[in-house]
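All of the numbers you see were taken from the coordinates with simple rules; none came from a lab. These figures come from a predicted structure and were not determined experimentally. Here Cβ is always computed from backbone atoms with ideal geometry, including for glycine, and neighbour counts include all displayed protein chains.
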Amino acid sequence: MASWSDSMVIILREIVGDNEAIPRYSDDRLIDILISAASIVVDTVSFSTPYIIDVTLQTISPDPVIEIGDKNFVVLTILKAAVIIAVAEYRSAAKMAISHRDGPSSIDTHFVADNLKVISSDAQKTYTDTELKYKLSGTVGIGILSVYNGFDFNSMHWKPSDSSRS
């Protein structure tokens, strides 16, 4: 495994809360998502280093961690990967949401999809805000560390913003 994938998989796994003894996503799956995210990021953001992303071979060249130390690229790619995961989880939950009533008993799983919709919206806002900060200032800087960006660093999970709570 290349060095970018070693560190970026660990960080992504923590950000999306997939740090259980038996994780939901394999390392290979997270690498697939990170490569896809990197491909999207380099198409929308200009970096001082031209990165070559090979989705088929799953390579990023030059290595943004060891060779370049490009924290901006790493942060934006991880945040974009988190967005991809959050949207996929929301879509999956929305497809499986049910509501059933049988006499006094009822089952309703729509709230799961609703909560995941808020999480995916917050993840997208965090990415968009961080990308804009990079485009304006040339660094993601404190943007990813802000408590106002929808990410709770105490629990290491995405959290809904106050404006989206009922």
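Determine the sum of side-chain charges near residue 29: Lys and Arg each +1, Asp and Glu each -1, restricted to other residues whose C-beta is under 12 angstrom from that of residue 29.
Around residue 29, the charge tally is -2.
Can you work out the Karplus-derived ³J(HN,Hα) for every residue in region 16-23? Use 6.51 cos²θ - 1.76 cosθ + 1.60 with θ = phi - 60°, whole Hz, and x for glycine or proline.
Whole-Hz 3J(HN,Hα) from phi for region 16-23: 8, x, 9, 10, 6, 4, 10, x.
So what J values fall out for region 118-132 if you push phi through Karplus, 6.51 cos²θ - 1.76 cosθ + 1.60 with θ = phi - 60°, rounded to Hz, Gly and Pro as x?
For region 118-132, the Karplus-derived couplings read 5, 4, 5, 5, 5, 4, 5, 5, 4, 4, 4, 5, 5, 4, 4 Hz, x marking Gly and Pro.
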